[in-house]
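The values are calculated or read from the model by the stated rules, or taken from the named source; none is laboratory data. These numbers were taken from a predicted model, which means no experiment stands behind them. No Cβ is skipped: glycine too gets one built from the backbone with ideal geometry, and neighbour counts run over all protein chains shown. Ligands, DNA and RNA are excluded from the accessible area calculation, which covers all protein heavy atoms including side chains. Shrake-Rupley method; radii C 1.70, N 1.55, O 1.52, S 1.80 Å.
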Amino acid sequence: MSDVDFDVIVIGGGVAGLTCAYLLAQQEREVLLIERGDEPGSKNLSGGVFYSRVMEEIFPNFIEEAPYERVITRNCLSFLNKESFVNIDYWDQRLADPVNAVTVLRSKFDPWLAEQCEEAGVTLMPGFKVDGLLREGDQVTGVVSGEDELRANVVVAADGVNSFISQEAGIRAKEPNENLAIGVKSVIRIGEEKVRDRFNVSGNEGAAYAIVGDATQGLPGGGFMYTNRDSVSIGIVANVPALEYGNYVVTDVHDHFLEHPAIAPFLEGGELIEYGCHMIAEGGAKMQHDLVRPGLVVIGDAAGFTLNTGFTVRGMDLAAGSAQAAAAAIGEALDAGDFSQDRLESYVAEYEKTFVGADMATYARAPEFLESPEMYGKLGEMLADVFHGVYNLDLTPRKHILPTAWDAVKGSGMKLGRLARIAYQAVRAL
């Protein structure tokens, strides 16, 4: 296409958009990145754990240079009940060398990514909103922003889970609520010493908690709690249809979690420094459809690349991986001078052969498994009853662990067949 202003226009200054823009600039392409916030990171929100191996491929000095908070070496899977808290606590020094995951604050991390983009030659346009796409027939040829028309060979939609660009292009309808959740997050400063003491970490190591049950008042979803350098990122993610059906106010659910007697001591005396809400893609692999049109590629959250396995919640690493695949495919298209859908479909082939496509396929059944209502109530209560039977030495004769567990199962009201079904779904999903 002749008379273009840029080789590629990227819409959205999150991890996906910034990474894609950077990689294309590394190929010496002319790239414009448009971000509606005042600066990258000003409108972005995530839980905060970044599984960072992919970034070390893109930025070889990532661990030395990037503004991360802590290296996650403790992972806790937790069942929170109204009056009890059951934790599976896993610490492993191997998670620190090589670094597996770090916590980040997007208000610090995204501006750093933007700096890498600018140094690589990307033109950043913050504070602008893309109002629509330019087309010549079926071919996307650029964007409209206010009175400005900007033309490019390829447009990349990295504009988040609601992806108004994809909707405007007519390639992806508004995502059904069943595939969405709402996240509410607080960042509470408690000081470095208290972070280390309360979470039993040392140096720059940190902890990540994945919490189900009373964290969301029994709703499908969960709570999270991650350590930063001197603060704690904490919040909940709740299924949209469940919130609507029960007429819950998601901010009230968040506050209930932070006030729980097992959680409040972690935060005692802290100062709220950040608060926000964010829509989250939870549909898994079934959201990866219609990601390419002539002259247009959809990446990151806009393409539904978020994965909740119950053990881990991933988005940023998948966003970066999808950006890698998109940059490779777009680079080939630019070399060939061919921006047709057939040519750009190589993006799909690229991500499918990486960890992104493989992991989305592996955990395709995870959303179905995580819909099991027992996960958010009876299962955690049953586990607490088992441990209560072990530790409550009330002078009655003790039982072996299996009879104690059997008493807890009977007391929970759960049928063995249902327990077996949940176990079967877990094996298939995880």
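Name the one entry in Asp394, Asp385, Asp342, Asp338 that is farther than 22 Å from Ala285 by Cβ and touching a residue at least 12 places away in the same chain (Cβ under 8 Å). Criteria check complete, one pass: Asp385.
For region 379-414, the candidate set comprises residues that are touching a Lys or Arg at 6+ places or on another chain (Cβ under 9 Å) and of a type in the set (D, E, K, R); within that set, the residue that is farthest from Glu178 (Cα to Cα) is Asp407. Checked against (1) in contact (Cβ under 8 Å) with a residue 60 or more places away in the chain; (2) in a strand (DSSP E or B); (3) on the phi < 0 side of the Ramachandran plot, Leu134 passes all but condition (1). Is it the case that some residue within region 328-342 is part of a helix (DSSP H, G or I), open to solvent by 40 Å² or more (accessible area, probe 1.4 Å), of a type in the set (S, T, N, Q) and closer than 29 Å to Arg135 by Cα? Within region 328-342 (the criterion being part of a helix (DSSP H, G or I), open to solvent by 40 Å² or more (accessible area, probe 1.4 Å), of a type in the set (S, T, N, Q) and closer than 29 Å to Arg135 by Cα), the answer is yes, since at least one residue qualifies.
Ala320: open to solvent by 40 Å² or more (accessible area, probe 1.4 Å) and either out of contact with any Ser or Thr (no Cβ under 6 Å at 6 or more places or on another chain) or at negative phi (or both), yes or no?
Taking the combined requirement at face value, the residue does not satisfy it.
Among the residues of region 1-21, those identified as open to solvent by less than 30 Å² (accessible area, probe 1.4 Å) and either more than 17 Å from Ser145 (Cα to Cα) or not in a loop (DSSP other than H, G, I, E, B) (or both) are Val8, Ile9, Val10, Ile11, Gly14, Val15, Ala16, Gly17, Leu18, Thr19, Cys20, Ala21. Taking the conditions exactly as written (closer than 30 Å to Arg198 by Cα, open to solvent by less than 60 Å² (accessible area, probe 1.4 Å), part of a helix (DSSP H, G or I) and out of contact with any Pro (no Cβ under 6 Å at 6 or more places or on another chain)), does Asp301 satisfy them or not? So Asp301 fails the test. The set of residues in region 241-298 being surrounded by fewer than 13 Cβ atoms within 10 Å (Cβ to Cβ), assigned to a strand (DSSP E or B) and of a type in the set (D, E, K, R) consists of Glu271 alone.
The criterion of at least 2 residues that are open to solvent by 50 Å² or more (accessible area, probe 1.4 Å) and farther than 30 Å from Gly304 by Cα is met, among helices (runs of 4 or more DSSP H) falling completely within region 354-430, by 378-391, 401-412, 416-429.
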